[in-house]
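Scroll down for the structure; my scribbles are underneath it.
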Amino acid sequence: MTTHAIRFHQTGGPDVLQWETVDVGAPAPGQVRLRHHACGLNYIDTYHRTGLYPVPLPSGIGLEGAGAVEAVGDGVHHLKIGDRVAYAGGPLGGYSEVRLIPADRLVRLPDALSFETGAAMMLQGLTTAYLLRRTYRVKPGDTVLIHAAAGGVGLIACQWAKALGATVIGTVSTDEKAALAKAHGADHVILYSKEAVAPRVRELTGGEGVAVVYDGVGKDTFQASLDSLRPLGMMVSFGNASGSVPAFEPIELTNRGSLFFTRPKLADYTGKRADLEPLAAELFDVVLSGKVKIEVKQTYALKDAAQAHRDLEARKTVGSTVLIP
Ligand SMILES: NC(=O)c1ccc[n+]([C@@H]2O[C@H](COP(=O)([O-])OP(=O)(O)OC[C@H]3O[C@@H](n4cnc5c(N)ncnc54)[C@H](OP(=O)(O)O)[C@@H]3O)[C@@H](O)[C@H]2O)c1
């Protein structure tokens, strides 16, 4: 079948993303052919495009989508033609009208959730799920620091941490983003574009520091994140929106009170079906219960993916973004 996808043949700026005609064949054993109704936009897509996370070229791009099963390969028993499904991760190729995908990456999308919500929530929502429920289990009474609190992961994480009983401190770059984070569970917001983060965190925590920092910003916030933790606190460095974190000495953890440091990725928490299913169930629960609202704040035509990348990297987006085929 002839269809369209965004692909890139060289790394670089958003202009390397091209709308191409592609042939999609029948699903191999273990695969399904999926027709996307919505595709997710994530910061990691920019790392693939720029080469920060190298991939063999030419390549498809995108790790998230929601749609309907169109054809089922041999050996796939849990899905049938017409099923509504969503996914995060797996082989690149999410920016496409139709794709082949391993069936074990797909979960059924609850009827109450639209394809747009499914495509917006899987990668950022499963990430939040593992960060708050596996990497460091947020408990009532914890104070947590969440950087880029008005972003895709940020808005979900603020709401979920609040629902778990935590006091949430968020960081953002503008007053508008501060208001949005506050409307989604942040008790306190620090404008890291204007204010030093660690001293403000000390002030807000009576000098103690936070139990955990969720840092997807990377280079620009790393030092402040370490300086904001209480003794035995956990530094979770899970992204590089401002650039990669430079090398550091383990003694820096000792000096700040025997801190824990981890640099996790979603694939390690959802690679096995036995891990993916319960995590997705937890995510669907908090969303269907209304505790976490998935905010699709930007929508682009799939063929305009380059513009979506420009806006994401220029910090113009808030919440989640979907691309519509
Ligand atoms: N390890 C994992 O498993 C995993 C999974 C998903 C996402 N992530 C990471 O989580 C982070 C958030 O992802 P997302 O998709 O939800 O993106 P996002 O938060 O919606 O967008 C990135 C945000 O980072 C902030 N930022 C700070 N410095 C920046 C800079 N120099 N350039 C651009 N943005 C900057 C901006 O918010 P302000 O304007 O408020 O600063 C921007 O809106 C990313 O680092 C991503 O790679 C990691």
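Brief remarks on what is shown
So that you can scan it fast, the table gives a plain yes or no per residue for (1) within 16 Å of the ligand (Cβ to nearest atom); (2) touching a residue at least 60 places away in the same chain (Cβ under 8 Å); (3) open to solvent by less than 20 Å² (accessible area, probe 1.4 Å):
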| position | (1), (2), (3) |
| --- | --- |
| His4 | no, yes, no |
| Val32 | no, yes, yes |
| Pro54 | yes, no, no |
| Leu57 | no, no, no |
| Gly65 | yes, no, yes |
| Leu79 | no, no, yes |
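- Taking first residues from the range 299-325 that are within 17 Å of Gln124 (Cβ to Cβ) and partners that are open to solvent by 70 Å² or more (accessible area, probe 1.4 Å) and hydroxyl-bearing (Ser, Thr, Tyr), the Cβ contacts under 9 Å between residues at least 6 apart in sequence or on separate chains come to Thr321/Thr299; Val322/Thr299; Leu323/Thr299.
- All conditions in (1) buried (at least 24 other Cβ atoms within 10 Å of the Cβ); (2) more than 13 Å from the ligand (Cβ to nearest atom) hold for Ile146, with the sole exception of (2).
- Considering the range 106-138, the residues that are within 15 Å of the ligand (Cβ to nearest atom) and among the charged types (D, E, K, R) include one that is surrounded by the fewest Cβ atoms within 10 Å (Cβ to Cβ), namely Arg134.
- Only one of Ala150, Ala157 that is closer than 13 Å to Leu283 by Cα, touching a strand residue (DSSP E or B) at 6+ places or on another chain (Cβ under 6 Å) and not acidic (Asp, Glu): Ala157
- Qualifying residue in the range 31-38 (condition: more than 17 Å from the chain's Cα centre (by Cα) and small (Gly, Ala, Ser)): no
- Residue in the range 226-235 that is within 15 Å of the ligand (Cβ to nearest atom) and open to solvent by less than 20 Å² (accessible area, probe 1.4 Å) present: yes
- Any hit, the range 306-318, residues being open to solvent by less than 60 Å² (accessible area, probe 1.4 Å), more than 14 Å from the ligand (Cβ to nearest atom) and over 19 Å from His184 (Cβ atoms): yes
- Candidate set: the range 276-292, residues that are in contact (Cβ under 8 Å) with a residue 40 or more places away in the chain and surrounded by fewer than 17 Cβ atoms within 10 Å (Cβ to Cβ); chosen: the one nearest to Ala166 (Cα to Cα): Lys291
A quick yes/no check of all residues on (1) among the aliphatic types (A, V, I, L, M); (2) outside any strand (DSSP E or B); (3) within 15 Å of the ligand (Cβ to nearest atom):
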| site | (1), (2), (3) |
| --- | --- |
| Thr171 | no, no, yes |
| Glu176 | no, yes, yes |
| Val189 | yes, no, yes |
| Glu195 | no, yes, yes |
| Pro199 | no, yes, no |
| Glu203 | no, yes, no |
| Gly207 | no, yes, no |
| Asp220 | no, yes, yes |
| Gln223 | no, yes, yes |
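The rows are residues; the columns are (1) in contact (Cβ under 8 Å) with a residue 12 or more places away in the chain; (2) surrounded by 24 or more Cβ atoms within 10 Å (Cβ to Cβ).
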| site | (1), (2) |
| --- | --- |
| Leu155 | yes, yes |
| Gly165 | yes, no |
| Ala186 | yes, yes |
| Leu191 | yes, no |
| Ala196 | yes, no |
| Leu204 | yes, no |
| Gly207 | no, no |
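- Counting only residues that are in a strand (DSSP E or B), closer than 30 Å to Ala314 by Cα and of a type in the set (Gly, Ala, Ser), the range 226-263 holds 1 of them.
The values are calculated or read from the model by the stated rules, or taken from the named source; none is laboratory data. Keep in mind the model is a prediction, meaning the values are calculated, not measured. Glycine gets a Cβ as well: all are built from the backbone with ideal geometry, and neighbour counts include every protein chain shown. These area figures cover heavy atoms from the full protein model, side chains too; ligands, DNA and RNA do not enter into them. Shrake-Rupley method; radii C 1.70, N 1.55, O 1.52, S 1.80 Å.
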